[in-house]
Amino acid sequence: MTNYTASSPVKTACGRTALAARIVDKYFSTDRDDRFRQVLQDFIDDMSVAVASQHPEGRMLALVGGSGAGKTLTMEKAIKHVNGLDDSNFLRLTTPSPCTLKQLGRVVLERLGYPLQRELADHRIWEMIRYHLKEHGVRFIWLDEAHHILGRGSNSELTKLRDVLKSTMQQREWAVSLILSGLPVLSAFISGDRQVERRSQTFRFQPLAFPDDVDLVREIAYEIVANHAGMAIHDEIGTDEFIHRLIVASEWGLGSAITLVRRAVLFAHSQAGADAVVGVEHFAEIYAEERDCSADSNIFFAADWQEIVPSNSRLDAALPARPKRKRGKTA
């Protein structure tokens, strides 16, 4: 068996908990980060120009991509490296689910430091929001998980939400720009109103592709195992076929692929400590735990793995449960 080891791996005698802390606290910057950072900077700069003009109005920037694509983390990293965005003018919140006009208003007010003490009509809530946004100098609002807007609400509720957000951007006395991040269905919210669409731009997080992203994913896998964890990696992990399986198992999400590699590393460490050689079996075990699937439905083991749809790979409840494996000692 041939193993891959980095030229200068970080070999430290540590337990699993310390290893987890070390490998999770790392960020992989790609060309996508550079492109998004520039888009965000331009968005902020355009807002500065708009509010100084005779016809001030906000705009909308949508970050759309599949689950596990890395939207939230990319945004979190970008806001630290752009000019014109800070705690004095920027508000971040997670879109509630279900997302009604009232529920979203409650979250915004609470984030502004004014939680509702009694029931108010929707229009009064949003009057308060616009007043406090101006009082606090907030020019940008980031709604993460914004696809919750298109939850189980009625079409009329969706229209009201869209109209209120549009009005918030259009307020001449204090225009606010919106950043929405969420699943691709978020595009339906933007396209549902021409005035919203006209004020919007979209940055799409493309899914991983084979063979285009093989080198990127392989480099990340090696970096996590050899350099971040200081552990050996089996040759089979470097093959194009394995990387393809990893991409499919991650449902083509870069963030999900990174998470899966990290979990495989931690499982290998649980089994054999720092001297473990991270191989396909570790990925297969982690995938089986996540998906509760049989070997025939395990992308890392199955011969016909390209026919497997990860979201459909869970065992039928009537099938016998797979035996629990014994874990090694953890620190």
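The values are calculated or read from the model by the stated rules, or taken from the named source; none is laboratory data. This structure is a prediction, so every number in the text was calculated from the model and none was measured. Here Cβ is always computed from backbone atoms with ideal geometry, including for glycine, and neighbour counts include all displayed protein chains. The area values use the complete protein model at the heavy-atom level, side chains included, leaving out ligands, DNA and RNA. Shrake-Rupley method; radii C 1.70, N 1.55, O 1.52, S 1.80 Å.
Quick notes on this one:
- Of the GluC sites (Glu not before Pro) found in region 135-177, the ones in coil according to DSSP and having at most 10 other Cβ atoms within 10 Å of their Cβ are 173.
- Cut-off 14 Å (backbone N to label point 7 Å along Cα→Cβ of residue 53), residues of region 179-211: 198-200
- For a label point 7 Å along the Cα-to-beta-carbon line of residue 134, residues of region 29-60 with backbone N under 17 Å: 51-58
- Given charges at Cβ of Lys, Arg, Asp, Glu: the chain dipole, positive-most of 54, 82, 238: 54
- Note on residue 167 and residue 281: the extension gain reaches 35.6 nm, defined as 0.36 nm multiplied by sequence separation minus the Cα-Cα distance.
- Å² per residue, accessible surface of region 81-123 at 1.4 Å: 58 Å²
- Amide H contacts of residue 92 (H built 1.01 Å from N, under 5 Å, at least 5 apart or other chain): 142
- Measuring against 30 Å, Cα to Cα, the residue pairs 102/134; 26/134; 26/102 contain 26/134; 26/102 as the ones spanning a longer distance.
- Candidate aspartates and glutamates for bridging to residue 166, where Cα separation is under 13 Å - those fewer than 8 sequence places away on the same chain excluded: 57, 193, 197
- Percent carbon-and-sulfur accessible area, the chain, ignoring ligands, DNA and RNA, probe 1.4 Å: 49 percent
- ³J(HN,Hα) computed for each position of region 55-61 - Karplus, 6.51 cos²θ - 1.76 cosθ + 1.60, integer Hz, glycine/proline x: 10, x, 7, x, 10, 10, 10
- Against the chain, whose longest principal axis comes from its Cα atoms, helix 280-291 is set at around 40 degrees.
- Set of aspartates and glutamates with alpha-carbon distance to residue 77 below 12 Å, sequence-local pairs under 8 removed: 33, 34
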